[in-house]
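What follows is one structure encoded as structure tokens, with my remarks underneath.
Every number here is computed from the coordinates shown, using simple stated rules; none is lab data. In this text, all values refer to a predicted model and were calculated from it rather than measured experimentally. Every residue, glycine among them, receives a Cβ derived from its backbone with ideal geometry; neighbour counts consider all protein chains shown.
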Amino acid sequence: MTEFPSRHIGPRPSEIAHMVEAVGVSSLEELLFLTIPDTIRDDDLDLPEGIDEHLAQAELASLADMNDTHTSLIGQGYHGTITPPVIRRNLLENPAWYTAYTPYQPEISQGRLEALLNFQTMMTDLSGMDLSNASLLDEATAAAEAMTLLHRATRGKAGDRFLVDGDALPQTIEVIQTRAEPLGLEVVVGDPLDVDETCFGVLAQYPGTSGVIRDLAPVVAAAEAAGALVVAAADPLALTLLTAPGELGVDVVVGSAQRFGVPMGFGGPHAG
């Protein structure tokens, strides 16, 4: 049993020596020193003595009991939900789902593919669009992808400005700005109706962070006059009552399915 760790956990000392020699350092510690910035490097980790799993779970439970649970009224794209026990147990707590390999082989992934088809069908119904993907990480990521899609679709158009609704979710604005920087795109935050010929696209929040439900038709008309395309960042649950963005002429619709029974999970992952 004493040979098990050295045989199965990590590389052998001889393999480590060969690797550090190949990259031109004397040890793993030197490699870490050269690659990890000083600002996040801690020379000596203050770790307690190891304990067994039962005691570790008890310790974690005692720490969790110190938290106070409050009702969140912040909103901004994240909402407390009720996850049905049958869904929680058979999906969220089932390793057959959350550790499964990406379903490249349809002949062994029929159940997952059917679930994705059901998701896409529901999203096309709610959004009023012809097509839907099988989700991204979150709404902000989807919005950033939509921006790059619109930029490619309008390639050759004068102007690299993307107009973002000032009433958009703050995390959506920040992710869009981050994605735009290396692409050389200019992000302007303001009124979606201010779109002009220098803009290749515009994003409108539907409903807005403030709760305002904007009429998207004037935004679409202004964008068409300027030769730009429109993204609607919509709340899918609200779309059960609101007019679908696709019916109003929007080119791309993004949103988050977190409200459909997905736990907030400290911010994700969800389904954007």
*May I ask you to evaluate 6.51 cos²θ - 1.76 cosθ + 1.60, the Karplus curve with θ = phi - 60°, for each residue of the range 135-149 and list the ³J(HN,Hα) values in order in whole Hz, giving x for glycine and proline?*
5, 10, 5, 7, 5, 4, 4, 4, 5, 5, 5, 4, 4, 5, 4
_ILE213-MET122 pseudo-label distance in nm [points 7 Å out on the Cα-to-Cβ vector]_ = 2.1
*Of all the Cα-Cα pairs you can form in the range 136-267, what percent are over 25 Å apart?*
18
*Report the local net charge at LEU150: Lys and Arg +1, Asp and Glu -1, summed over other residues whose C-beta lies under 14 Å from its C-beta.*
0
*Among GLY111, PRO207, ILE40, flag the residue with its Cα farthest along the positive direction of the charge dipole of the chain, charges on Cβ as +1 for Lys/Arg and -1 for Asp/Glu.*
GLY111
*asked:* How large is the convex hull of the C-alpha atoms of the chain per residue, in Å³?
replied: 240
*Can you give the helix-only mean residue ellipticity at 222 nm for the chain, where every DSSP H stretch with n ≥ 4 adds -39500 (n - 2.57) and the sum goes over all residues, rounded to the nearest 500 deg cm²/dmol?*
-11000 deg cm²/dmol
*Using the Karplus curve 6.51 cos²θ - 1.76 cosθ + 1.60 with θ = phi - 60°, work out ³J(HN,Hα) for each residue of the range 21-36 in order, rounded to whole Hz, and write x for Gly and Pro.*
5, 5, 9, x, 10, 8, 7, 5, 4, 5, 4, 5, 4, 7, 9, 9
*Name the residues whose placed amide hydrogens come within less than 5 Å of the amide hydrogen of ALA233, ignoring near sequence neighbours (fewer than 5 apart) on the same chain.*
ALA204, GLN205, TYR206, VAL254
*Among GLN171, GLN110, GLN120, which one moves the most in a GNM of the chain with springs linking Cα atoms closer than 10 Å?*
GLN110
*For GLY77, what charge total do you get from the other residues with a beta carbon under 13 Å from its beta carbon, if Lys and Arg give +1 and Asp and Glu give -1?*
-4
*Most to least packed among 225-233, 133-141, 181-189, 47-55 [average Cβ atoms within 10 Å]*: 225-233, 133-141, 181-189, 47-55
_Packing rank of 68-74, 161-167, where each peptide gets the mean count of other beta carbons within 10 Å, highest leading_ = 161-167, 68-74
*Could you tally the net charge around MET129, taking each other residue with its Cβ under 13 Å from the Cβ of MET129, Lys/Arg +1 and Asp/Glu -1?*
-4
*Build a GNM of the chain with springs between Cα atoms under 10 Å: which of MET122, MET66, MET19 gets the top mean-square fluctuation?*
MET19
*What is the set of long-range amide H partners of VAL189 at a cut-off below 5 Å, with H atoms built 1.01 Å from backbone N?*
VAL164
